[in-house]
Amino acid sequence: MKVSVIVPTYNERENLEELFSRIDKALKDYDYEIIVVDDDSPDETWKKAQELSSVYPVKVIRRINEKGLSSAVIRGFKEASGDVFVVMDADLQHPPEVIPELLKRIKEGADLAIASRYVKGGRVENWPLYRKLISKGAIMIARVALPKIRSIKDPVSGFFALKRNVVDNVNLNPIGFKILLEILIKGRYSRVEEVPFTFGTRLSGESKLKGKTMLNYLRHVYRLMKWEGEIDRLVKFSIVGLSGVAVNEGFLWLFVKMGIRKEVAVLPSTELSVINNFIWNDLWTFKDLRKGSVLRRFFQFHIAALIGVFAQLLIYWALLFLGVHYLISNLVGIGASFIVRYIFNRHVTWS
């Protein structure tokens, strides 16, 4: 098994000698190569890598007109000759000593092995609170928006190993630097494992967390949702919800005309709208995800509706307490209810 270690770089000159030495020791029992893809670093990282190629099996790609970590990794995939690819940063926050454990998981049958900060035994060193919140928030967004990866604890890790055939002939086109997300959604694999590691302290070089990073991340998640069909599903869920409003209002009017008190008529009309929404969501929005008993799904759909009402009232009352106009408070509450109901139904009712 030949291993290709792909290292995208930008201003990482000072880290290369230690990095290559540690990779060499970690992979002493392997046939390996290091693919350095450098975006024409001002500190001439590419030049230092070329100098070290006389000591280590290093191939250097200097990109003049291209930028970006993810596209650098994709270029590395194209240039690599290994059966297994390892992707890692050059900043020494990804310890090369973890690579053998990643390769062990691949040998044991995993298609993709992720070095994870968030499984048992994994941790992050010396991060301020805001960095931890950003990281956890990014992972939560991805796991909610992309149900395919909801069981993966660290889907935004930059340190992972994969079999070549996971990405062979796969059209990867990510935004920003979360290439693993793209691979998890588009790649060909059946088994993923996570290996705990300690995300170390940067010794030198520049952090990749810059101004547009979070915006690009959200754009990337949105694009993957669209590719997965989750945006279409969300639109369908919205249309069904609007039809439920029509059913609710129509039957409420009818029951009142029949002489039923308004305070009582709202109950059957609401239940009929819930039944309407369930039927159309089951037959249309989530038809490809149906499994198990229809009664179970129907019961869970009601739970989602109740949780949504609770969320709506909670936010409505909170905003009223803060002095927000009651109509605006109610509108925000309705929006929150919609999001909560969709998430519950997508991840539980039709999981």
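When you count, for each residue, the other Cβ atoms within 10 Å and take the mean per peptide, how do 323-331, 270-278, 47-55 rank with the highest first?
Numbers: 323-331: 12.7, 270-278: 18.9, 47-55: 16.3.
Per-residue Cβ counts within 10 Å, averaged per peptide and sorted highest first, yield 270-278, 47-55, 323-331.
Please give the peptides 58-66, 139-147 ranked by average Cβ packing (other Cβ atoms within 10 Å per residue), highest first, as a rough proxy for protection.
Details: 58-66: 15.1, 139-147: 17.3.
In decreasing order of mean packing, 58-66, 139-147 become 139-147, 58-66.
Given a 1.4 Å probe and heavy atoms of the protein chains only, how would you sort LEU218, LEU322, LEU69, LEU184, largest accessible area at the top?
Numbers: LEU218 90, LEU322 130, LEU69 30, LEU184 0 Å².
My answer, sorted largest first, is LEU322, LEU218, LEU69, LEU184.
What does the accessible area per residue of the chain come to in Å², with a 1.4 Å probe and no ligands, DNA or RNA counted?
51
Scan (1) 5, 25, 33, 23, 11, 2, 0; (2) 6, 28, 38, 24, 4, 0; (3) 5, 21, 26, 19, 13, 10, 4, 2, 0, 0 for the value of P(r) over Cα pairs in 10 Å bins from 0, in percent calculated from this model and give just the label.
Matching entry in (1) 5, 25, 33, 23, 11, 2, 0; (2) 6, 28, 38, 24, 4, 0; (3) 5, 21, 26, 19, 13, 10, 4, 2, 0, 0: (3).
With +1 on each Lys and Arg Cβ and -1 on each Asp and Glu Cβ, how big is the dipole of the stretch 263-351 about its Cα centre, in debye rounded to the nearest 20?
Numbers: 7 positive and 4 negative charges, 84 e Å.
It works out to roughly 400 debye.
Calculate the dipole size of the chain relative to its Cα centre from +1 charges on Lys and Arg beta carbons and -1 charges on Asp and Glu beta carbons; express the result in debye to the nearest 20.
Numbers: 51 positive and 38 negative charges, 261 e Å.
Charge dipole, the chain, about its Cα centre: 1260 debye, nearest 20.
Within 12 Å, Cβ to Cβ, of SER238, how many net charges do the neighbouring residues add up to if Lys/Arg are +1 and Asp/Glu are -1?
Here the count lands on +2.
DSSP loop (so not H, G, I, E, B), at most 14 other Cβ within 10 Å: list which trypsin sites (Lys or Arg not before Pro) in the stretch 289-318 pass both filters.
On the way: sites: ARG290, LYS291, ARG296, ARG297; in loops: ARG290, LYS291.
When the trypsin sites (Lys or Arg not before Pro) of the stretch 289-318 are filtered for loop state and at most 14 Cβ neighbours within 10 Å, ARG290, LYS291 remain.
What are the principal axis extents of the Cα atoms in the stretch 3-210, in Å, biggest first?
Sorted from largest, the Cα extents of the stretch 3-210 read 45, 37, 33 Å.
Just to be sure I understand: if I project the alpha-carbon convex hull of the stretch 67-129 onto a plane and average over all orientations, what area do I get in nm²?
Details: hull surface 24.2 nm².
Hull-based average projected area comes out at 6.0 nm².
Roll a 1.4 angstrom probe over the protein heavy atoms and tell me the percent of accessible area of the chain that is carbon or sulfur.
Working: 10710 of 17860 Å².
Result for the chain: 60 percent of the exposed heavy-atom area is carbon or sulfur.
Using a Gaussian network for the chain with springs between C-alpha atoms less than 10 Å apart, which of these wobbles most: MET258, MET225, MET88?
It is MET258.
The values are calculated or read from the model by the stated rules, or taken from the named source; none is laboratory data. Fair warning: this is a prediction, and the values are worked out from it, not measured in the lab. All Cβ positions, even for glycine, are placed from backbone atoms using ideal geometry, and neighbour counts span all protein chains on display. Keep in mind that these areas ignore ligands, DNA and RNA; they rest on the heavy atoms of the full protein, side chains included. Shrake-Rupley method; radii C 1.70, N 1.55, O 1.52, S 1.80 Å.
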